[in-house]
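Peer 1: Structure incoming, see below.
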Amino acid sequence: MEFLVASAIGIMTAAGLYLVLRLRTFPVIIGISLLTYAVNVFLFASGRLTFGAPPILRDDVLAYADPLPQALVLTAIVISFGMTAVVVMIALGAFLGGDTDVVDDPADPVEGDAS
Amino acid sequence: MSHWIILPIVLPAFLAPFIVLAARFHVSIQRAISVAGLLALIVLGIGLSWQVSDGTVLLYQLGDWAAPFGIVVVGDRLSIFMVLLTAVLAFFVLLYAIGSGWDARGWHFHALFQFQLMGIMGAFLTGDLFNLFVFFEVLLIASYGLMIHAGGTVRLRAGVQYVLFNLLGSTLFLFALGSIYAETGTLNMADLAQRVQLIDASETVGIRVAAVLLLMVFAIKAALVPLHFWLPSSYAEAPAPVAALFAIMTKVGAYAIIRVYTLIFPPELEATLGLHGTWLLPAALVSLALGMVGVLAAKSLDRLVAFSVIGSMGMVMVAIALFTPEGITAALYYIVHSTLAAGALFLISDLVRHGRQNLALTAQAPVGGMAMTAAFFFVAAIAMAGLPPLSGFVGKLLILDAAFDTPQVVWIWAVVLGSSLVSVVGFARAGSVIFWKSHSVKVQDHAPIAPSALSYVATGGLVVLLVAHTVFAGPVTRYTNSIATSLFEPGAYVSTVLDTPGKLSEGKDDDAAYAQDDEEH
């Protein structure tokens, strides 16, 4: 299980970084989503990997799953979901207005549009 | 337990939805609520400063849960100092937004402004690293909305870059938090301060990785080279009042570095030895130099101001990277100066826009309300470049003095003094092109409209505060010195957070809580 989780985090991070470096809005947003998936799994694993253990204290149970990372992951998922929605809207606005989906500034910046 | 300490977070959090729901179509009511809220925040900030000025640490346990398990809001002198600074800056920025009519050029300016304040105040007041992340996200998501306020293609593209860069930063933050939690099992700052000391010297790999990751996250916020790429475009393209408010956002990064790297990873901690001097200081020196060279190279006034923000953040980080009480004293003094000066300069650059086609540094016809604008620019530029007699000079002197006994004194003095010279040339060039050469251009048929009086009051207020910051440099440095001293003796902070009883804390409360629990089952 350790190998599976570790390789999942690694592969998603690598793929996410590669897509982010493409510098076009669609791949970049997909890449950032992959990165947030990777970090969510990573957070989950930061409470140590346990199998089938309850997260709540009971009298006759000896092994527990750490409940805190699960709460952290929940917060992180909600936030990253909201942020992705925001960036999709802004990127769509920039694409429809500027007719290009390149993230970088153009070589010769257009002056004076922003008033 | 006093409830006042949580009010700087709760007040904007309630005002923002109230503005959206109740005053959606009435700009004047929104303005009144916003200004009243900020006046209340300033009064709160002054009251809290008075409470903590003798070194008390204010603690608020949410739901009365004891510290390592519950969420805490902590106000010590440093936090409250930053809260007050934010409230004062935001007040003048808001006046400007109202005076110049920026707030009516798009929807929901005031609601987003309040949410932004909530995030910033929360980041200063939280005593928990994960909540620091949450408040970072709150201030970021509000800033995304403010950044693209009033729209425009160029602004939207700058907004995309800004949002994407910060999303990467947030991901990095989560990786850092995950590794810290995996190593220590806590995210409460006071608890971390104790547990990090306990980590065995042979097993520090994880915590070292976490410390560096966390430093990178805060360096992104503070726009430290080489993580500064997001700043020039987004600050230059953002609406001027928003850019002026963003002047405090880079300081959130600086605050987080001061807090975490004096409390959790202090300079003498073996595991992270060398992180401060070997990595932070050179990066700070490079940012300082690059920012000031950018001032000289900028082709338009808004970019020039944005680069001067990078430069002044570099200066702040040089002082912080020394990690001595003298260094932090100077850094805090310079943070106030840099916030006020950057805010004033962004507002001035918007004043210059009246009657000009753009902010390119070329000779164009005189702008409306020229004389006042030029005078303000003169004062603010002197302050930002660090010429005597204003606060930039005093702050720089404090930093040079703090660096005098360190081994890197030659580097620091050379870069600080050299970059000052470069920035003086840069500001002088910009000022003379915009304000003097314009007289050689043929005047238009119709006189340009001068900015409104309230815009001048707001900008003038920041400039007057800069002068006051210079005149009262003595008392201010005494106060920042007391902050710095208490930062290097975190015992009071840690014991207040961890030893204040609440639910689940050890002792008699404990049994009562468990007994109640059993009954419910």
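Peer 1: Return yes or no: is A:Ala15 of a type outside the set (Asp, Glu), surrounded by 13 or more Cβ atoms within 10 Å (Cβ to Cβ), away from chain B (no Cβ under 12 Å) and under 16 Å from B:Leu168 (Cβ atoms)?
Peer 2: yes
Peer 1: Under 7 Å between Cβ atoms, at least 6 apart or on separate chains: pull out the pairs that start in the stretch B:387-414 with a residue that is without any contact (Cβ under 8 Å) to a residue 24 or more places away in the chain and end on any residue that is β-branched (Val, Ile, Thr).
Peer 2: Within 7 Å, the pairs are B:Leu400/B:Val416.
Peer 1: Within the stretch B:363-390, how many residues are among the small types (Gly, Ala, Ser) and closer than 17 Å to B:Thr459 by Cα?
Peer 2: Qualifying residue count for the region: 8.
Peer 1: Within the stretch A:79-101, can you find the residues that are free of Cβ contacts under 8 Å to residues at least 24 places away in the same chain and within 8 Å of chain B (Cβ to nearest Cβ)?
Peer 2: If the condition is that a residue be free of Cβ contacts under 8 Å to residues at least 24 places away in the same chain and within 8 Å of chain B (Cβ to nearest Cβ), then A:Ile79, A:Gly82, A:Met83, A:Val86, A:Ile90, A:Gly93, A:Gly97, A:Gly98 are the ones that fit.
Peer 1: Right, next: Of all residues being touching a residue at least 40 places away in the same chain (Cβ under 8 Å) and more than 8 Å from every other protein chain (Cβ to nearest Cβ) in the stretch A:18-27, which is surrounded by the most Cβ atoms within 10 Å (Cβ to Cβ)? Just the residue, please.
Peer 2: Looking at residues that are touching a residue at least 40 places away in the same chain (Cβ under 8 Å) and more than 8 Å from every other protein chain (Cβ to nearest Cβ), I get A:Arg24.
Conditions (1) on the phi < 0 side of the Ramachandran plot; (2) modelled with pLDDT under 85; (3) surrounded by fewer than 16 Cβ atoms within 10 Å (Cβ to Cβ), marked per residue:
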| residue | (1), (2), (3) |
| --- | --- |
| A:Arg48 | no, yes, yes |
| A:Pro55 | yes, yes, yes |
| A:Ala63 | yes, yes, yes |
| A:Gln70 | yes, no, yes |
| A:Ile79 | yes, no, no |
| A:Ala85 | yes, no, yes |
| A:Phe95 | yes, no, no |
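Peer 1: Return the residue satisfying two criteria in turn: it lies in the stretch B:350-365 and is hydrophobic (A, V, I, L, M, F, W, C) and farther than 19 Å from B:Leu94 by Cα, and of such residues it is nearest to the other protein chains (Cβ to nearest Cβ).
Peer 2: Among those that are hydrophobic (A, V, I, L, M, F, W, C) and farther than 19 Å from B:Leu94 by Cα, it is B:Ala360.
Peer 1: Looking at the structure I just gave you, is B:Asp191 surrounded by fewer than 24 Cβ atoms within 10 Å (Cβ to Cβ), at pLDDT 85 or above and more than 19 Å from the chain's Cα centre (by Cα)?
Peer 2: yes
Peer 1: Considering B:Phe165, B:Phe229, which residue is at pLDDT 90 or above and within 24 Å of A:Ala85 (Cα to Cα)?
Peer 2: B:Phe165
Peer 1: As an exercise: evaluate B:Thr153 against (1) of a type outside the set (A, V, I, L, M); (2) touching an Asp or Glu at 6+ places or on another chain (Cβ under 9 Å); (3) closer than 17 Å to B:Leu245 by Cα and give the number of the one condition it does not meet.
Peer 2: So B:Thr153 meets the others, but not (3).
Peer 1: Scan the stretch B:165-205 for residues that are β-branched (Val, Ile, Thr), more than 14 Å from chain A (Cβ to nearest Cβ) and part of a helix (DSSP H, G or I) and report the count.
Peer 2: Number of matching residues: 2.
Peer 1: Could you tell me which of the residues B:Leu156, B:Leu132, B:Leu117 is away from every other protein chain (no Cβ under 13 Å), of a type outside the set (S, T, N, Q) and either in contact with a helix residue (DSSP H, G or I) (Cβ under 9 Å, 6 or more places away or on another chain) or surrounded by fewer than 24 Cβ atoms within 10 Å (Cβ to Cβ) (or both)?
Peer 2: B:Leu117
Peer 1: Right, B:Val457: surrounded by fewer than 22 Cβ atoms within 10 Å (Cβ to Cβ), at pLDDT 85 or above, of a type in the set (Val, Ile, Thr) and assigned to a helix (DSSP H, G or I) or not?
Peer 2: When the stated conditions are applied, B:Val457 passes them.
Peer 1: Could you say whether any residue in the stretch B:102-113 is in contact with a strand residue (DSSP E or B) (Cβ under 7 Å, 6 or more places away or on another chain), surrounded by fewer than 23 Cβ atoms within 10 Å (Cβ to Cβ) and within 14 Å of chain A (Cβ to nearest Cβ)?
Peer 2: Checking the stretch B:102-113: not a single residue is in contact with a strand residue (DSSP E or B) (Cβ under 7 Å, 6 or more places away or on another chain), surrounded by fewer than 23 Cβ atoms within 10 Å (Cβ to Cβ) and within 14 Å of chain A (Cβ to nearest Cβ).
Peer 1: Under 6 Å between Cβ atoms, at least 6 apart or on separate chains: pull out the pairs that start in the stretch A:28-39 with a residue that is under 12 Å from A:Phe81 (Cβ atoms) and end on any residue that is among the hydrophobic types (A, V, I, L, M, F, W, C).
Peer 2: A:Ile32/B:Leu167; A:Tyr37/A:Met12
Peer 1: Which condition breaks for A:Ala63 when tested against (1) farther than 30 Å from A:Thr100 by Cβ; (2) at the interface with chain B (Cβ under 10 Å from one of its Cβ atoms)?
Peer 2: (2)
Peer 1: Restricting attention to the stretch B:194-212, which residues are surrounded by fewer than 18 Cβ atoms within 10 Å (Cβ to Cβ) and touching a residue at least 24 places away in the same chain (Cβ under 8 Å)?
Peer 2: Across the stretch B:194-212, the qualifying residues are B:Gln194, B:Gln197, B:Ile199, B:Ala201, B:Gly206, B:Arg208, B:Val209, B:Val212.
Peer 1: Exactly one of (1) among the hydrophobic types (A, V, I, L, M, F, W, C); (2) surrounded by fewer than 21 Cβ atoms within 10 Å (Cβ to Cβ); (3) farther than 22 Å from B:Tyr493 by Cα is unmet by B:Leu174. Its number?
Peer 2: The single condition B:Leu174 does not satisfy is (2).
The values are calculated or read from the model by the stated rules, or taken from the named source; none is laboratory data. In this text the structure is predicted, and so the values were computed from the model without any measurement. Virtual Cβ from ideal backbone geometry, glycine too; neighbours counted across all protein chains shown.
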